[in-house]
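> Got a structure for you, questions after.
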Amino acid sequence: MTTNLLLDQPLSPAAVRTHVGRVLDDFLDRKAHAAHTAHLPGEAVQALRAFLHAGGKRLRPVLCAAGWHAADGRGDLRPVLQVAASLETFHAFCLIHDDIMDNSATRRGSPTMHRALAEHHTPGHGTARAARIGTSAAILIGDLALAWSDELLHTTAGLSGKQLTDILPLIDAMRTEVMYGQYLDATATGHPTTDLDHALAVIRYKTAEYTVERPLHIGAALAGAGPQLLAALSAFALPVGEAFQLRDDLLGVFGDPAATGKPSLDDLRDGKHTALIALPLKRARPAQADQLRLFLGCPTLTDDQARAARRIITDSGAVHTVEEMITKRYEDAMTALDAAPIHPAAKNALHRLADSAVRRHT
């Protein structure tokens, strides 16, 4: 039933999200049963399940399926869905740990994993002890997500030997790239500078390759794609991924928390080193740049101070420049997509995905 529905609607993001959700539920049902049988804490499985169903876009699974169709994939889609579910589980690992590193309070409009677990344990332990438990437990649940992403890939996907040989180097590269991107982000956070190239390097490794390029590559490789097609997909994916993150950076400072699901003060309070911040630090008048530096990385930043920071960023022309950067990357991606030797239906789907990624408000 799963396979037939997806073949009837081969490029429906909604169908991919639905069926990947079912794969995850089936897998977690088995994990919950195993934990119960072995008298292990079922709370870990429940927490991960809640996180995986908390309203994420599941962009990586959708792009994985799109890559498979772009390479004219045919036959049983169940292995593709299993790999797509593995990507989503790995993404959960990344987000859970990222929220701990950023000390974020909310994700997708709900408490982050470590905050939710801390609140759950507060009645029996007190606030300080519960916070430590929440952080420790969230790290472990993130580690479980990482381990289970491998299990979904190696033991349940039913991949052929050739498929594993083709995709494992891509998965290894994806994981390495996002870790380096996270490292660059973590070491720059709190110390933003005028270095635009460094900000763009973070975008490339943490988002463009991890979020868009590698999921497309992995899906295409499952269908036997060669180097020429992977290169064509990269020419589309990298500018789209950069545009996606540039939009995310704008939303992180100027977005509506009710729509984005996270506070609009976090990036400013953390002192995130982004293109949106590097530009005004370089362009603003010295007095304004100095004032902005005082605001960036201030954990007690108030709403009034945030409004002042936003005015400095806007007055410097940074918002306009970032919008231009987004538009240029989108146009480059569309040019590459038009020239790509892929199935027209896949081409249309990637066009729609690029539109939704670049022009989103959440």
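The values are calculated or read from the model by the stated rules, or taken from the named source; none is laboratory data. Since this is a predicted model, take the numbers as computed values, not measurements. Virtual Cβ from ideal backbone geometry, glycine too; neighbours counted across all protein chains shown.
> Pairs please, first residue from the range 255-281 and assigned by TED's automatic domain parsing to the domain that holds R360 and surrounded by fewer than 23 Cβ atoms within 10 Å (Cβ to Cβ), second anywhere and of a type in the set (S, T, N, Q) and modelled with pLDDT of 95 or more, Cβ atoms under 6 Å, 6+ apart in sequence or on different chains.
A278/T194; L279/T321
> Sticking with this structure for a sec: Check R17, R22, R60 and return the single one that is in contact with a His (Cβ under 7 Å, 6 or more places away or on another chain) and within 23 Å of I218 (Cβ to Cβ).
Numbers: R17 fails: in contact with a His (Cβ under 7 Å, 6 or more places away or on another chain); R22 fails: in contact with a His (Cβ under 7 Å, 6 or more places away or on another chain).
R60 is the lone residue from the list that is in contact with a His (Cβ under 7 Å, 6 or more places away or on another chain) and within 23 Å of I218 (Cβ to Cβ).
> Let me ask something else about it. Give me the residue from the range 310-326 that is without any contact (Cβ under 8 Å) to a residue 40 or more places away in the chain, part of a helix (DSSP H, G or I) and of a type outside the set (D, E) and, out of that set, nearest to S356 (Cα to Cα).
Once the filter is applied, the top-ranked residue is H320.
> Given R307, R285, R329, which one is in contact (Cβ under 8 Å) with a residue 40 or more places away in the chain and either of a type outside the set (A, V, I, L, M) or more than 25 Å from A208 (Cα to Cα) (or both)? If you could, list the steps in order and put the result at the bottom.
Numbers: R307 fails: in contact (Cβ under 8 Å) with a residue 40 or more places away in the chain; R285 fails: in contact (Cβ under 8 Å) with a residue 40 or more places away in the chain.
Unique residue meeting the criteria: R329.
> Among the residues of the range 22-49, write down those that are in a helix (DSSP H, G or I) and over 15 Å from W148 (Cβ atoms).
Those that are in a helix (DSSP H, G or I) and over 15 Å from W148 (Cβ atoms): R22, H36, T37, E43.
> Out of R285, R359, R311, report the one residue that is closer than 30 Å to V62 by Cα and surrounded by fewer than 18 Cβ atoms within 10 Å (Cβ to Cβ). Before the answer, list the steps.
Working: R285 fails: closer than 30 Å to V62 by Cα; R311 fails: closer than 30 Å to V62 by Cα.
Just a single option satisfies the conditions, and that option is R359.
> Moving on to the next point. Scanning the range 210-248 for residues that are modelled with pLDDT of 95 or more and among the charged types (D, E, K, R), which turns out surrounded by the fewest Cβ atoms within 10 Å (Cβ to Cβ)?
The qualifying residue surrounded by the fewest Cβ atoms within 10 Å (Cβ to Cβ) is R247.
> Restricting the range 107-119 to residues that are part of a helix (DSSP H, G or I) and in contact (Cβ under 8 Å) with a residue 40 or more places away in the chain, which is surrounded by the most Cβ atoms within 10 Å (Cβ to Cβ)?
Among them, the one singled out is M113.
> Being in contact with a Ser or Thr (Cβ under 8 Å, 6 or more places away or on another chain), at pLDDT 95 or above and either outside any helix (DSSP H, G or I) or of a type in the set (S, T, N, Q) (or both) is the filter here, so list the residues in the range 138-179 that pass it.
Within the range 138-179, just S149 meets the criteria.
> Under the condition of being among the aliphatic types (A, V, I, L, M) and either in contact with an Asp or Glu (Cβ under 7 Å, 6 or more places away or on another chain) or modelled with pLDDT under 95 (or both), which residue from the range 260-283 is farthest from L184 (Cα to Cα)?
Taking the range 260-283 and keeping what is among the aliphatic types (A, V, I, L, M), we get 265, 268, 275-279, 281.
Checking which are either in contact with an Asp or Glu (Cβ under 7 Å, 6 or more places away or on another chain) or modelled with pLDDT under 95 (or both) leaves us with 265, 275-276, 278.
On the way: L265: 21, A275: 14, L276: 17, A278: 15 Å.
Going through the qualifying residues, I end up with L265.
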